[in-house]
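*Asks:* If you scroll down you'll find the structure; I have some questions about it.
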Amino acid sequence: MDYGKFSIEEVENQLQEEQKAFKKLTKKGLQVDMTRGRPAKAQLDICMPMLEKAATYDYALKAGDARNYGQIQGVKPAIDLFAEIFDVYPEEVIVGDGSSLTIMYNVIQFAMQFGVLDNEPWNKQEKIKFICPAPGYDRHFSICEDFGIEMITVPMTQDGPDMDIIEPIVASDPAVKGIWCVPKYSNPTGVTFSDKVVERIATMKVAAPDFRVFWDNAYVVHSLYDTEDKLKNIFDVARKAGTIDRIYSFASTSKVTFAGSGIAAMAASETNIKSILKHMFYCTIGPNKINQVMHAEFLKDLSGVKEIMKQHADILRPKFELFEQKMSEAFEGDEYVKWSHPKGGYFISLDVKSCAKRIVEIAAEGGVKFTAAGATFPYKIDDKNSNIRIAPSCPSVEEMDYAIDVLISAIKQARMELVITKTKAK
Ligand code: PLP
């Protein structure tokens, strides 16, 4: 709808009508929290049999009893499971505890304090910068803020981050030490990086010898449909190009088994893994290996994981499809309201130029909480005040139905308010 075509009186009348409808809609005082991509209870119930069978699993492993100290790299069955998920060699994997974000944070801390391989510690260098494709994952940006890493915002395209912008920056500035990537069903755009983008990231010229790609493959097995997006294996490309030391990859079972209580892992070259393990030796006596055995026994292998993920998809898909259906009914062909159509992952990315903050505000008045506008950008600065991350996973279908009605009305109201303000300012 182009409200600019109407007279200001007409828009004011329409806004009043919409506000009345909104009051009626929100009268019941329903509350829906869509701020984060948390799995719904029904999803968390899927893997309860793992806990029920826990006492029957074999913890007395050949390499060492999982109930005892040791095996800092993780237990063999869990390493093998993640080697298959990452599609790398077992020597290239460390399996840790419940959160991949913790591993990412620790790896950056090691780089800060001790340096990457034989290079100077990052915190001895004048400035450290990371490339941050945006919209992106807010917690990546928070890690940068915590370490005082300067963030360079680069736009996401339908194929992944805009490589034409990235390549000249990383080729010329040795202070640029990293890039954040969520390469499959990206948070929040749902984009899976194209083969060309994967190749360019793995092979691009970098000025810093200690440059690292933070390949956060959080949604590696999180397809909503039977046919899944194919992501080119960046390790294969980097291995051939002689750049394998550049890649750090991360994943976890947070959205497979239990959020924050699953197992998380990283993959990297053997040289990197050995160096990271050296530092880990001083900061931990070892991971929770009992949980690792439980996961490996229950999930078995990649096809076992995919079986579980089908059950997740059956719960998640109707919510994504409801969003698509209702938003299409309301805004099909509307050039001012754009949203992503993800085939996997946990998020939908909504763009309404100059209106994001106001939409989130109006929706909150109706009891529907979205992630704060701007959160998907470094320093929380969305220049266009446009992007809102929608997290459909946690609410029930009924709650989603209500939340989308509230959102649709909030979009209409915010846009009409904007047109009125702009017209009056002329
Ligand atoms: N990485 C991305 C891209 C995410 O979206 C999330 C959670 O939403 C995480 C990491 C957190 O992963 P974990 O639970 O393994 O720390």
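*Asks:* Can you give the longest run of the chain that contains no chymotrypsin sites (Phe, Trp or Tyr not before Pro) sitting in a DSSP loop with at most 12 other Cβ atoms inside 10 Å? Walk me through the numbers before you get to the answer.
*Replies:* Values: sites that count: Tyr69, Tyr225.
It works out to 226-426.
*Asks:* Starting from the exponent 0.38 and prefactor 2.2 Å, build the expected Rg for the chain from its residue count and divide its actual Cα Rg by it. Spell out each step's value before the answer.
*Replies:* Numbers: Rg = 23.1 Å, N = 426, 2.2 N^0.38 = 22.0 Å.
Compactness ratio reported: 1.05.
*Asks:* Here's another thing I want to ask about it. Which percent, to the nearest 5, of DSSP beta bridges fully inside the chain are antiparallel? Provide the component values of the computation, followed by the final result.
*Replies:* Numbers: 20 of 40 bridges.
DSSP beta bridges in the chain are roughly 50 percent antiparallel.
*Asks:* 5 Å is the cut-off here: which amide hydrogens, built 1.01 Å from N in the peptide plane, fall below it relative to Gly344, excluding neighbours closer than 5 in sequence?
*Replies:* Close amide H contacts, sequence-distant or interchain: Leu224.
*Asks:* As an exercise, identify the GluC sites (Glu not before Pro) in the stretch 115-183 lying in DSSP coil whose Cβ has no more than 14 other Cβ atoms within 10 Å.
*Replies:* Values: sites: Glu126, Glu145, Glu150; in loops: Glu126.
Hits after loop and neighbour filter: Glu126.
*Asks:* Just in the stretch 333-386: which GluC sites (Glu not before Pro) are loop by DSSP and have at most 14 other Cβ atoms within 10 Å? Could you put the intermediate results ahead of the total?
*Replies:* Working: sites: Glu335, Glu361, Glu365; in loops: Glu335.
Within the stretch 333-386, the qualifying GluC sites (Glu not before Pro) (loop, at most 14 other Cβ atoms within 10 Å) are Glu335.
*Asks:* On average over all directions, what projected area in square nanometres does the stretch 253-315 have, based on the convex hull of its Cα atoms? Mind dumping the intermediate values first?
*Replies:* Numbers: hull surface 21.0 nm².
Average projection, Cα convex hull of the stretch 253-315: 5.2 nm².
*Asks:* For the stretch 361-426 and the stretch 255-332, compute the distance between their C-alpha centroids and round to whole Å.
*Replies:* 29 Å
*Asks:* Now for a different question. If I take the Cα coordinates of the stretch 284-426 and project them onto the principal axes, what are the three extents in Å, biggest first?
*Replies:* Dimensions of the stretch 284-426 along the principal axes of its Cα atoms: 67, 38, 26 Å.
*Asks:* Another one. Pull up the DSSP beta bridges for the stretch 50-301 and report the antiparallel fraction as a percent, rounded to 5.
*Replies:* Working: 12 of 29 bridges.
Given both bridge residues lie in the stretch 50-301, the antiparallel proportion sits at roughly 40 percent.
*Asks:* Using the eigenvalues of the Cα gyration tensor, what equivalent ellipsoid semi-axes result for the stretch 50-301 when each is taken as the square root of five times the eigenvalue, whole Å, largest first? Don't skip to the answer; put the middle values down first.
*Replies:* Details: eigenvalues 181, 90, 48 Å².
Taking √(5λ) for each eigenvalue gives 30, 21, 15 Å, largest first.
*Asks:* Let me ask you something else. Quick one: how many Å² of Asp301 are accessible to a 1.4 Å probe, rounded to 10?
*Replies:* 60 Å²
*Asks:* In addition: Hey, what number do you get for the chain at 222 nm if only DSSP H runs of n ≥ 4 count, each worth -39500 (n - 2.57), divided across all residues, to the nearest 500? If you can, show how the numbers build up before the last one.
*Replies:* Working: 14 runs with 186 residues, N = 426.
Mean residue ellipticity, 222 nm, calculated: -14000 deg cm²/dmol.
*Asks:* How large is log10 I(q)/I(0) at q = 0.15, 0.25 Å⁻¹ when the Debye formula is applied to the Cα atoms of the stretch 44-96, each weighted equally and without solvent?
*Replies:* Per q value, in the given order, log10 I(q)/I(0) is -0.52, -1.01.
*Asks:* Can you work out ³J(HN,Hα) from phi for every residue in the stretch 372-381, in order, using Karplus 6.51 cos²θ - 1.76 cosθ + 1.60 and θ = phi - 60°, giving whole Hz and x for Gly and Pro?
*Replies:* The phi angles translate into 3, 4, x, 4, 7, 10, x, 6, 6, 9 Hz.
*Asks:* When only Cα pairs under 8 Å and 6 or more residues apart are kept, what is the percent relative contact order across the chain? Please report the intermediate quantities before stating the final value.
*Replies:* Details: 784 pairs, mean separation 109.2, N = 426.
Here the relative contact order equals 26 percent.
*Asks:* Sticking with this structure for a sec: The stretch 131-190: D in µm²/s via Stokes-Einstein (Kirkwood Rh, Cα pairs, 10 °C, 1.306 mPa s)?
*Replies:* Numbers: Rh = 11.9 Å.
Taking Rh from Cα pairs, D becomes 134 µm²/s.
The values are calculated or read from the model by the stated rules, or taken from the named source; none is laboratory data. Fair warning: this is a prediction, and the values are worked out from it, not measured in the lab. Backbone-built Cβ (ideal geometry, glycine too); neighbour counts: all protein chains shown. Quick note on the areas: whole protein, heavy atoms, side chains included, nothing else; ligands and nucleic acids left out. Shrake-Rupley method; radii C 1.70, N 1.55, O 1.52, S 1.80 Å.
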